[in-house]
Amino acid sequence: MKLDHLFSPGKIGNVTIKNRFVRSATAEKMATIEGFASEKLIKLFSDLAAGEAGLIITGGLAVTPSSTLTTNAPCIYEDKFIKEQKNLVDIVHENLDSKICAQIVHTGAQTGNKKFQPVAPSPIKPDNYNRIPRELTIEEIESVIIKSFVDAGRRVYEAGYDMIQIHGSHNYLLSSFISPFFNRRTDKYGGNTQNRTRILVEIYEQLSDVVDIPIIIKQQIKDFILGGLDFEEGKEITRILVKTGYDAVELSGGGAMVAPEGKGYPSIILKSKSDENYFLKQCDEIKSEMKGVPLICVGGIRDPFFAEEIIRENRVDFISMCRPFIREPDLIKRWHSGDTSRPKCISCNDCFPTIFKKSASGLHCAVEERKTLKKSKSSN
Ligand SMILES: Cc1cc2nc3c(=O)[nH]c(=O)nc-3n(C[C@H](O)[C@H](O)[C@H](O)COP(=O)(O)O)c2cc1C
């Protein structure tokens with residue numbers, strides 16, 4: 001079986017993508033300490049483009065100074081960040097014809113910057129954080145939060161990005177707005193589904209007035225916590241987002257709290273084949289609601305032949321992967337050249353400390369690093 005469908009072009013809005021492979025947003029911890037795109041970060045994107053991923057989504061760019069997830073996170077909260085972001089985009093565009101999408105994020109209660117008080121729709125603390133967030137006022141939601149997403153979107157557009165992805169997942173700020181667990185507000189941004197989704201609708205409406213590139217979303221489809229967003233409501237939210245005009249939806253879920261069954265995290269440790277493709281079930285149930293808007297499937301996709309099958313059968317429109325590209329930025333080129341063996345990534349999550357440990361040097365595969373160290377020790 002060939003991978004013809006995976007290597008056929010696809011479209012998101014007016015942007016043609018040369019194949020169906022997406023590099024899912026991956027925090028890199030490779031910007032300068034102030035948040036500018038560094039040479040190291042630009043080199044990573046150049047490698048991903050040379051490795052033939054059709055659409056490369058950046059790790060979340062902070063829309064406010066408090067929105068960073070790690071130290072050395074890339075920022076886009078002022079115009080001063082545009083120049084280096086443009087250098088990054090230009091390298092990708094020069095290198096074959098990959099397309100690049102900026103993910104923009106507000107980390108909300110999960111801010112990685114201790115200098116700032118975390119903010120959230122309601123003062124509800126995620127399990128893995130010590131500080132109780134401050135509840136945002138309506139005035140702040142409208143004139144700070146929504147405005148910062150719109151301004152950030154305008155800046156990445158000016159930097160030449162092909163697309164913008166709003167991070168609406170993993171219990172970060174926008175995801176916590178749609179969650180009945182994290183959002184206990186009683187005003188127009190809380191309560192029923194429509195009200196909790198309002199912030200995502202308003203961001204789209206205001207941003208689409210200032211940019212003419214596709215605006216896509218990584219949407220929380222389920223929180224996997226008691227009292228959190230369930231799939232039925234997640235599906236209703238997808239319907240609202242499609243109706244609003246979002247140009248593609250990547251479904252994800254879980255986040256700050258691990259589900260009782262231990263499977264809530266967006267990057268599940270894959271112990272066997274049966275753990276793979278863990279958001280495909282939700283994609284299958286939502287595809288008919290998409291009204292032609294592309295559906296991007298992420299979460300443990302590892303078998304290229306299975307990926308080919310779900311594209312051929314039109315169950316999803318794009319295949320998105322994260323961890324495999326950390327170990328093999330050239331994975332798609334390898335598959336394209338006929339070596340269709342599975343990714344070398346074993347989905348062990350040892351890559352997380354490489355971005356979350358303050359002293360860590362930035363995103364890389366820790367397994368590969370250990371292997372190299374062992375080799376050099378034995379040859380010494
Ligand atoms: C090191 C690391 C960093 C990540 N950073 C982000 C991020 O910045 N934004 C985001 O939406 N998801 C992020 N994710 C989640 C991935 O994009 C993806 O949804 C998840 O890992 C499942 O895909 P996979 O099984 O192919 O790894 C990250 C995951 C990892 C392992």
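Annotations for the structure displayed:
- When you count the other C-beta atoms within 10 angstrom of each residue and take the mean per peptide, 7-20, 88-101 line up highest first as 88-101, 7-20.
- For segment 95-135, the alpha carbon convex hull comes to 106 Å³ per residue, rounded to a whole number.
- Span from the segment 156-210 Cα centroid across to the segment 63-130 one, whole angstrom: 15
- When the helices of the chain are scored as -39500 (n - 2.57) per DSSP H run of n ≥ 4 and the total is divided over every residue, the value at 222 nm lands at -9000 deg cm²/dmol.
- FRET efficiency estimate (nearest 0.05) - Cβ-Cβ, residue 4 to residue 330, R0 25 angstrom: 0.75
- Rounded to 5, the percent of DSSP beta bridges in segment 10-350 classed as antiparallel: 10
- Net lengthening on full extension, residue 230/residue 352 (0.36 nm per residue, minus Cα-Cα): 41.3 nm
- Separation of the residue 143 and residue 371 label points, Cα + 7 Å toward Cβ, nm: 5.5
- Local net charge near residue 17, Cβ-Cβ under 14 Å (Lys/Arg +1, Asp/Glu -1): -1
- With a simple spin-label model that places each label point 7 Å from the Cα along the Cα-to-Cβ direction, the separation between residue 184 and residue 90 comes to 5.1 nm.
- Remark: the residue 306-residue 339 segment gains 10.3 nm on full extension, using 0.36 nm per residue and subtracting the alpha carbon distance.
- Mean Cβ neighbour count within 10 Å, used as a protection proxy, ranking 41-47, 288-294 highest first: 41-47, 288-294
- Among the listed pairs 40/377; 83/333; 18/147; 18/40, those with a Cα-Cα distance over 28 Å are 83/333; 18/147.
- Cα gyration tensor shape for the chain, rounded if a/c is under 1.5, else prolate or oblate: rounded
- Potential extension, residue 287-residue 275 segment - 0.36 nm per residue separation minus Cα distance: 2.2 nm
- Radius 11 Å from Cβ of residue 317, net charge of other residues (Lys, Arg +1; Asp, Glu -1): +3
We did not get these values from a lab; they are worked out from the coordinates using the rules stated. Note that the structure is predicted; figures quoted are calculated from it, not measured. Here Cβ is always computed from backbone atoms with ideal geometry, including for glycine, and neighbour counts include all displayed protein chains.
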